[in-house]
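Asks: The structure under discussion is supplied below as structure tokens; questions concerning it will follow.
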Amino acid sequence: MEEKLLIGITGASGAVYAWKLLKILKEIPVRVEVIITEAGKLVFKHELEKDWMELHSLAERVYEEREISAPPASGSAPYWGMIIIPCSMGTLGGLASGQTRNLLLRAGDVVLKERKPLVLVVRETPLNLIHLQNMVTLTLAGAIIFPAMPGFYSKPKDLEGLIESFVTRLLSFLKLKDYTHQWQGLEDD
């Protein structure tokens, strides 16, 4: 595939989802570029105890949000879609209102205008009416709201298994990887 997948990382809690996603995409392999926000860098360091620069080992290129003239800012750049994981409510609101004040928001706006997949892994609870309205607005604009809500029917043994199950389900949704824990119904005991 000549086109690349764009991954956005914001300051919402859940940096572990982005890290796991990037590790699996590297194995598949899928060509990936990353945009990380300033808040995303802080949360990445806090939650994973890793420097955000380690993202360079899992992506062809890593952009900071201030690099507004970078390739993801243009519809002519070769991206087939974008996943923002985790997606903060600030980013969700910015996208819903058409803001393009940084590279991540501009890239998301470009993906929407080019009618390419934009998947938002929102990570917040509880949700208020503004969050819900922004989700509806973005869904109507073509985005896919994919909340960070892992399933338990795969019976994960630990946190790592729970995270991997969620990320694999996301990749299955995008037809990038088979989901091994497909629901088969309940067995009678």
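The values are calculated or read from the model by the stated rules, or taken from the named source; none is laboratory data. The shown structure was predicted, so the numbers you read here are calculated from the model rather than taken from an experiment. Every residue, glycine among them, receives a Cβ derived from its backbone with ideal geometry; neighbour counts consider all protein chains shown.
Asks: Quick check on Arg31: is it within 20 Å of Glu164 (Cα to Cα) and either more than 13 Å from the chain's Cα centre (by Cα) or buried (at least 21 other Cβ atoms within 10 Å of the Cβ) (or both)?
Replies: Spelling it out, Arg31 is indeed within 20 Å of Glu164 (Cα to Cα) and either more than 13 Å from the chain's Cα centre (by Cα) or buried (at least 21 other Cβ atoms within 10 Å of the Cβ) (or both).
Asks: Next question, about the same structure. Scan region 15-28 and tell me whether some residue there is at negative phi, modelled with pLDDT under 95 and of a type in the set (A, V, I, L, M).
Replies: Scanning region 15-28 turns up at least one residue that is at negative phi, modelled with pLDDT under 95 and of a type in the set (A, V, I, L, M).
Asks: When only residues in region 94-130 that are part of a helix (DSSP H, G or I) and over 17 Å from the mean Cα position of the chain (by Cα) count, which is nearest to Leu6 (Cα to Cα)?
Replies: Taking the candidates together, the pick is Lys113.
Asks: If you go through region 40-60 one residue at a time, do you hit one that is surrounded by 19 or more Cβ atoms within 10 Å (Cβ to Cβ), touching a Leu at 6+ places or on another chain (Cβ under 7 Å) and of a type in the set (Val, Ile, Thr)?
Replies: No, there is no match, as no residue in region 40-60 is surrounded by 19 or more Cβ atoms within 10 Å (Cβ to Cβ), touching a Leu at 6+ places or on another chain (Cβ under 7 Å) and of a type in the set (Val, Ile, Thr).
Asks: Another question about this same structure. For Arg123, all conditions in the list (1) out of contact with any strand residue (DSSP E or B) (no Cβ under 7 Å at 6 or more places or on another chain); (2) touching a residue at least 40 places away in the same chain (Cβ under 8 Å) hold save one; what is the number of the exception?
Replies: Tallying (1) out of contact with any strand residue (DSSP E or B) (no Cβ under 7 Å at 6 or more places or on another chain); (2) touching a residue at least 40 places away in the same chain (Cβ under 8 Å), Arg123 fails exactly one: (1).
Asks: Taking region 131-149 as the search range and keeping residues that are within 10 Å of Cys87 (Cβ to Cβ) and within 11 Å of the chain's Cα centre (by Cα), which one is surrounded by the most Cβ atoms within 10 Å (Cβ to Cβ)?
Replies: Residue satisfying both the conditions and the ranking: Ala148.
Asks: Right, another one. Take region 150-180 and flag every residue that is in contact with a strand residue (DSSP E or B) (Cβ under 8 Å, 6 or more places away or on another chain) and within 11 Å of Tyr17 (Cβ to Cβ).
Replies: Result: Leu170, single match.
Asks: Of everything in region 19-55, what is over 23 Å from Lys177 (Cβ atoms), assigned to a helix (DSSP H, G or I) and not basic (Lys, Arg)? Give them in sequence order.
Replies: Glu38, Ala39, Gly40, Leu42, Val43, Phe44, His46, Glu47, Trp52, Met53, listed by residue number.
Asks: Hey, among Phe152, Phe173, which residue is among the aromatic types (Phe, Trp, Tyr), modelled with pLDDT under 95 and exposed (fewer than 12 other Cβ atoms within 10 Å of the Cβ)?
Replies: Matching residue, one of Phe152, Phe173: Phe152.
Asks: Quick test of your reading of the structure: Leu5 fulfils all but one of (1) within 25 Å of Pro126 (Cα to Cα); (2) outside any loop (DSSP other than H, G, I, E, B); (3) among the aliphatic types (A, V, I, L, M). Name the failing condition by number.
Replies: (1)
Asks: I'd like the full set of residues that are in a helix (DSSP H, G or I), of a type in the set (Ser, Thr, Tyr) and touching a helix residue (DSSP H, G or I) at 6+ places or on another chain (Cβ under 8 Å), limited to region 133-160.
Replies: Correct list: Thr137 only.
Asks: Considering region 65-93 alone, what residues qualify as being surrounded by 19 or more Cβ atoms within 10 Å (Cβ to Cβ), under 25 Å from Arg169 (Cα atoms) and either over 17 Å from the mean Cα position of the chain (by Cα) or not aliphatic (A, V, I, L, M) (or both)?
Replies: Tyr79, Pro86, Cys87, Ser88, Thr91
Asks: I'd like to verify a number: residues in region 89-105 that are touching a Ser or Thr at 6+ places or on another chain (Cβ under 7 Å), more than 22 Å from Val62 (Cβ to Cβ) and not hydrophobic (A, V, I, L, M, F, W, C), how many?
Replies: Qualifying residue count, region 89-105: 0.
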